[in-house]
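Visitor: Dropping the structure in here first, questions after.
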Amino acid sequence: MGEENKVTLYGMWASPFVRRVEITLKIKGIPYEYVEEDLRNKSQLLLQYNPVHKKVPVLVHNGKPIAESLVILEYIEETWKNGPKILPEDPYERAKVRFWASFIQQQARQSLFDSLVSAAKSSGEAHEKAMKEVFEKLTVFEEGMKDFFPSGTPHFEDENIGFLDIVLCSLFGHHKAQEEALGLKIIDPERHPLVYSWVTALNEVPAVKESLPPHDKMVALIQFLRRNAPHRSSEA
Amino acid sequence: MEEVKLLGAFPSPFTHRVIWALKLKGVKYDYVEENIFNKSHLLLQSNPVHQKVPVLIHGGKPLAESIVILEYIEETWPQNPLFPHDPYERAVARFWLRFGEDKLPAFWAFFGTVGEEQEKATKEAKELLRILEEHGLGERKFFGGNEIGLTDLAFGWIACWLEVLGEVAGVKLLEADGFPRLQRWIEDFKEVPVIKETLPDRKGMLAYFRYRRSTFIGEAASYEAAS
């Protein structure tokens with residue numbers, strides 16, 4: 001195999017941010033080498049490739065490193081022009097997708113995991129308050145997404161998934177594991193029917209299904225994080 | 001030619017990013033100054049999620065989030081490109097755009113704090129500026145290379161807001177010889193004709209940010225006094 005198109009992904013099995021890149025590489029049919037990082041003992045290469053954040057994922061293409069999952073997704077889209085597109089052609093539609101991706105990213109980074117953990121650790125009023133915060137954010141998203149799915153339930157024939165699908169399923173695809181580990185209902189079909197049906201439909205798409213972390217392993221990890229790092233985000 | 005309208009606020013660095021991009025590309029637009037303490041119906045309707053400026057309305061279609069707006073402007077009006085052509089260089093530019101946005105609360109935490117908390121926040125802000133100095137700017141004249149690009153516009157707040165915020169909060173972040181590259185970048189950035197013509201009035205900014213700081217620390221100061 002020539003060096004012209006060497007793609008290496010540095011990741012961690014439980015990271016939703018890494019999963020986004022994996023799903024994207026799969027649906028575009030891009031062959032790549034995967035390197036699992038031990039985040040408690042990061043490799044020299046990782047620190048060299050991502051000196052600013054020292055985090056996964058990092059995609060290395062022909063020796064050049066790219067960090068930040070959403071930046072990597074856009075890079076993949078622009079570099080491999082054959083194969084399915086994950087962003088709309090129209091600039092306005094593309095901007096809308098970027099707006100919502102940024103919204104989910106901000107919410108997930110800042111507080112979603114923290115809110116969930118504090119909800120899991122608390123009871124009574126504090127618990128109610130923490131869950132209320134989570135649900136409010138999901139509701140804003142649910143309302144915004146009605147624009148994308150005017151007919152209601154999303155369907156994904158031909159694995160035709162896009163940027164926003166990838167962002168969503170990377171964060172919530174394993175919600176059942178999150179819910180089991182934290183003892184909470186996060187994506188409730190009654191509260192957020194669109195998000196629920198969307199995530200469920202996405203989990204049936206082969207590229208997504210293949211990238212889902214093993215359920216029990218995930219449950220164990222989340223329980224560990226909950227016990228040991230009450231105010232840390234889940235960012236790798 | 002479809003109508004372009006920008007809803008903004010003069011003290012907002014986010015608004016200025018969009019003004020600069022539109023002017024650099026020679027795009028005609030209508031500007032509406034919003035009173036952020038009394039937001040217009042149009043603003044609330046156009047940006048229901050965040051209810052903030054800037055909002056760009058192109059041919060009646062609204063867009064919010066300044067970084068999203070910048071990329072939209074670049075794609076819609078390709079003249080005078082503000083983004084590199086090469087996908088890898090674009091990825092580098094987007095990396096810094098993302099860095100700037102994600103770290104913004106940390107960059108500005110010094111402004112809303114006092115005492116020990118402010119010291120800690122100031123230290124963190126300086127570390128972030130150090131990262132920009134060494135990794136972001138490096139040997140380049142501008143973040144965008146020889147000419148300014150979207151990343152420079154996104155960090156435009158460092159060129160004039162940082163100093164104002166610092167004066168109001170009683171903190172000096174860019175010490176004399178500590179950040180030679182960033183200092184040089186600030187001078188070069190402010191000399192770009194479009195930027196020079198549109199920098200917000202310093203007196204107005206001082207007044208506005210003094211007011212904002214007083215609302216932030218009113219509580220903090222009285223808590224400090226009580227403890």
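The numbers here are math on the coordinates, done by the rules we state, and not lab data. What you see is a predicted model; the values in this text were computed from it and never measured. Note that we place each Cβ from the backbone using ideal geometry, even for glycine, and neighbour counts take in every protein chain shown.
Visitor: Sorting A:153, B:151 on the 10 Å Cβ count, fewest up front, what's the list? Can you show the working numbers first?
Guide: On the way: A:153 12, B:151 26.
By the 10 Å Cβ count, ascending: A:153, B:151.
Visitor: Which value results for Rg/Rh of the range B:113-199 when Rg is the Cα radius of gyration and Rh the Kirkwood radius based on the inverse mean 1/r? List each step's numbers first, then the result.
Guide: Details: Rg = 13.4 Å, Rh = 13.6 Å.
We get a ratio of 0.98 for the range B:113-199.
Visitor: Further question on the same structure: Leaving out same-chain residues fewer than 8 places away, which aspartates and glutamates sit with a Cα under 19 Å from that of residue A:217?
Guide: Leaving aside aspartates and glutamates fewer than 8 places away in the same chain, those within reach of residue A:217 are A:22, A:36, A:37, A:38, A:179, A:180, A:235.
Visitor: Please report the antiparallel percentage of the DSSP beta bridges confined to the protein assembly as shown, to the nearest 5. Don't skip to the answer; put the middle values down first.
Guide: Numbers: 17 of 25 bridges.
Restricted to the protein assembly as shown, the bridges split so that about 70 percent are antiparallel.
Visitor: Excluding residues fewer than 8 places away in the same chain, name every one of the aspartates and glutamates whose C-alpha is closer than 16 Å to that of residue A:129.
Guide: Cα-Cα hits under 16 Å: A:114.
Visitor: So, one more: Mind checking which of A:45, A:177, A:140 is farthest towards the positive end of chain A's charge dipole, using Cβ charges of +1 (Lys, Arg) and -1 (Asp, Glu) about the Cα centre?
Guide: A:45
Visitor: Obtain the radius of gyration and the Kirkwood radius of the protein assembly as shown from its C-alpha atoms and give Rg over Rh. Each step should come with its number before you reach the end.
Guide: Working: Rg = 22.6 Å, Rh = 23.8 Å.
Radius of gyration relative to Kirkwood radius: 0.95.
Visitor: Mind sorting A:114, B:188, A:147 by how few other Cβ atoms lie within 10 Å of their own Cβ, fewest first?
Guide: Details: A:114 18, B:188 15, A:147 9.
Ordered by Cβ neighbours within 10 Å, fewest first: A:147, B:188, A:114.
Visitor: Along its three principal axes, how long is the range B:1-98 when you only count alpha carbons? Whole Å, largest extent first please.
Guide: 43, 30, 22
Visitor: Just for chain B, what percent of DSSP beta bridges are antiparallel, to the closest 5?
Guide: Values: 9 of 13 bridges.
Bridges in chain B that DSSP calls antiparallel: roughly 70 percent.
Visitor: Then there's this: Between residue A:180 and residue B:49, how many nm apart are label points set 7 Å from Cα along the C-beta direction?
Guide: About 3.2 nm separates the two model spin labels.
Visitor: Here's a follow-up. Given Cα positions, please report Rg to Rh for the range A:91-228, the hydrodynamic radius being the Kirkwood one. Write out the running numbers ahead of the final one.
Guide: Values: Rg = 15.2 Å, Rh = 15.7 Å.
That ratio equals 0.96.
Visitor: Same structure again: What list do you get for B:40, A:15, A:123 if you sort them by fewest beta carbons within 10 Å? Don't jump to the answer; show the numbers that get you there.
Guide: Values: B:40 13, A:15 22, A:123 9.
Ranking B:40, A:15, A:123 by Cβ neighbours within 10 Å, fewest first, gives A:123, B:40, A:15.
Visitor: Suppose every Lys and Arg Cβ carries +1 and every Asp and Glu Cβ carries -1, with no other charges. What dipole size does the range A:7-79 come out with about its Cα centre, to the nearest 20 debye?
Guide: Details: 9 positive and 9 negative charges, 33 e Å.
For the range A:7-79, the charge dipole is close to 160 debye.
Visitor: Also, quick follow-up: Pairs to check: A:26/B:61; B:61/B:141; A:85/A:209. Give those whose C-alpha atoms are more than 29 Å from each other in this structure. Walk me through the numbers on the way to the answer.
Guide: Values: A:26/B:61 34 Å; B:61/B:141 36 Å; A:85/A:209 19 Å.
With Cα atoms farther than 29 Å apart: A:26/B:61; B:61/B:141.
Visitor: For the pair residue A:36/residue A:82, report the inter-label distance in nm, with labels modelled 7 Å from Cα in the Cβ direction.
Guide: 3.2
Visitor: Let me ask something else about it. Averaged over peptide A:73-86, how many Cβ atoms belonging to another chain are found within 10 Å of each residue's Cβ? Please report the intermediate quantities before stating the final value.
Guide: Details: counts 0, 5, 7, 2, 1, 5, 5, 1, 1, 0, 0, 0, 0, 0.
Per-residue shielding by partner chains comes out at 2.
Visitor: Among the lysines, which fall within straight-line cross-link reach of residue A:42, defined as a Cα-Cα distance under 20 Å, with same-chain neighbours fewer than 8 residues apart omitted?
Guide: In chain and number order, the partners are A:54, A:55, A:64.
Visitor: Rounded, prolate or oblate: which fits the range B:41-133 when a ≥ b ≥ c are the square roots of the eigenvalues of the alpha-carbon gyration tensor, with rounded for a/c under 1.5 and prolate only if a/b beats b/c?
Guide: Values: a/c = 3.99, a/b = 1.35, b/c = 2.95.
It is oblate, given that a/c is not under 1.5 and a/b is not larger than b/c.
Visitor: Relative contact order for chain A: what percent, with Cα pairs under 8 Å and sequence separation of 6 or more?
Guide: Numbers: 271 pairs, mean separation 54.0, N = 236.
It comes to 23 percent, rounded to a whole number.
Visitor: With +1 assigned to the C-beta of every Lys and Arg and -1 to the C-beta of every Asp and Glu, and no other charges, what is the dipole magnitude of the protein assembly as shown about the Cα centre in debye, to the nearest 20? Provide the component values of the computation, followed by the final result.
Guide: Values: 57 positive and 68 negative charges, 137 e Å.
Once rounded to the nearest 20, the dipole reads 660 debye.
Visitor: Dipole magnitude of the range B:87-221 about its Cα centre, charges +1 at Lys/Arg Cβ and -1 at Asp/Glu Cβ only, in debye to the nearest 20? Write out the running numbers ahead of the final one.
Guide: On the way: 20 positive and 23 negative charges, 45 e Å.
Here the size comes out at about 220 debye.
Visitor: Along Cα→Cβ, 7 Å out, is where each label goes; now give me the distance between the ones at residue B:147 and residue A:147 in nm to one decimal.
Guide: In this crude label model, residue B:147 to residue A:147 measures out at 3.2 nm.
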